[in-house]
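The values are calculated or read from the model by the stated rules, or taken from the named source; none is laboratory data. Given the structure is predicted, the values throughout are model-derived calculations rather than measurements. Here Cβ is always computed from backbone atoms with ideal geometry, including for glycine, and neighbour counts include all displayed protein chains.
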Amino acid sequence: MKILISADMEGTCGVSSWVHVTPPEGAGAGEPANQTEYERARLRMTREVNAAIEGALAGGATEVIVNDSHDGMRNLIAEELHTEAQFISGNDKFFGMMQGVELEGISGVFYTGHHAKAGTPQAPLAHTWSGWLNDVRFNGVSTEEFGINAAIAGHFGVPVVLVTGDEKAVAQTQELLGEQVEGVVVKQGISTFAAMHQQPEKAQQSIREGAQRAMGRIPGARPYVLANGVTVEMEFDHQARANQAELLPGVKRAGERAIAFQPADGLEFNVMFRAACKLASIRMSP
Ligand SMILES: [Zn+2]
């Protein structure tokens, strides 16, 4: 069995501030950046990914591919990665956080380092995709990366079977995708910028065990497939972003700050979502 790990960073044990997850060279004006804090966090992120790889291999995986899925997607420390895994790094990938799922023979997806969706109280660094996307809804059901990425994986017939992160990230993922998703909680959220963490080695041990259990869930797991004609809504933080995203063919306005479209399948959803994000992210000018 071949496993794809989509490795995010905010849900890593010990992470509770943007300082932990912002590469100093990529920080914008006014954004917090600290080389030491970031380096420590990316090492813990890499070790958590290694724990997931070890669990996957112990559970019967024959091949593991890791897709760096955070920020500029150059966070994993190559020299520290498990020798049996291949990894994808770099940004502007057609499938983004799900790059690799399109490869032949992927049996399951693991989410590591995951966070809760925008607006979730007492959830460290909760957000949806970017700081300016307030919500994404499938037929009115609110979601974030756990749903967006599951829909892309679902197009290729691949189920999500593991999520690691804070307890609200785990609960939200399981609520949408079902109990087929093995959850590993590495920290309890206290506020947007505070959490109570397990000791990192303990967290990594939990991830190792959870990943091995997740392998056993693959045979009965169902891919999350978007229905033909599903209504996807994207709600932004500002009406000007909706104005920009509305320029896409097939997109309608769905309120003051929201747009809607109806993709035929997960592949079309991926294209529409990414294009709308690119348009909406263009700096708003007067
Ligand atoms: Zn991230």
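Okay, residues lined up against (1) at pLDDT 95 or above; (2) within 12 Å of the ligand (Cβ to nearest atom):
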site: 8; (1), (2): yes, yes
site: 18; (1), (2): no, yes
site: 27; (1), (2): no, no
site: 40; (1), (2): yes, no
site: 48; (1), (2): yes, no
site: 54; (1), (2): yes, no
Qualifying residues in segment 161-198 (those that are free of Cβ contacts under 8 Å to residues at least 12 places away in the same chain and farther than 20 Å from residue 18 by Cα) - the one surrounded by the fewest Cβ atoms within 10 Å (Cβ to Cβ): 179
Residues within segment 171-204 that are of a type in the set (S, T, N, Q), touching a helix residue (DSSP H, G or I) at 6+ places or on another chain (Cβ under 7 Å), within 25 Å of residue 58 (Cβ to Cβ) and not in a loop (DSSP other than H, G, I, E, B), tallied: 2
Failed criterion for residue 36 (all others in (1) surrounded by fewer than 21 Cβ atoms within 10 Å (Cβ to Cβ); (2) within 16 Å of the ligand (Cβ to nearest atom); (3) of a type in the set (Ser, Thr, Tyr) hold): (2)
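Residues are listed down the side, and each one gets a yes or a no for (1) within 17 Å of residue 137 (Cβ to Cβ); (2) part of a helix (DSSP H, G or I); (3) aromatic (Phe, Trp, Tyr):
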position: 256; (1), (2), (3): yes, no, no
position: 260; (1), (2), (3): yes, no, no
position: 264; (1), (2), (3): no, no, no
position: 270; (1), (2), (3): yes, yes, no
position: 275; (1), (2), (3): no, yes, no
position: 279; (1), (2), (3): no, yes, no
position: 284; (1), (2), (3): no, no, no
Sole exception among (1) touching a Lys or Arg at 6+ places or on another chain (Cβ under 6 Å); (2) hydroxyl-bearing (Ser, Thr, Tyr); (3) not assigned by TED's automatic domain parsing to the domain that holds residue 38 for residue 130, by number: (1)
Cβ pairs under 8 Å, 6+ apart, first in segment 257-285 and farther than 24 Å from residue 158 by Cβ and in the same structural domain as residue 93 (by TED's automatic domain parsing), second crowded, with 21+ Cβ neighbours inside 10 Å and polar (S, T, N, Q): none
Any hit, segment 192-212, residues being of a type in the set (Lys, Arg) and more than 20 Å from the chain's Cα centre (by Cα): yes
Test result for residue 229, farther than 21 Å from residue 284 by Cβ and more than 22 Å from the chain's Cα centre (by Cα): yes
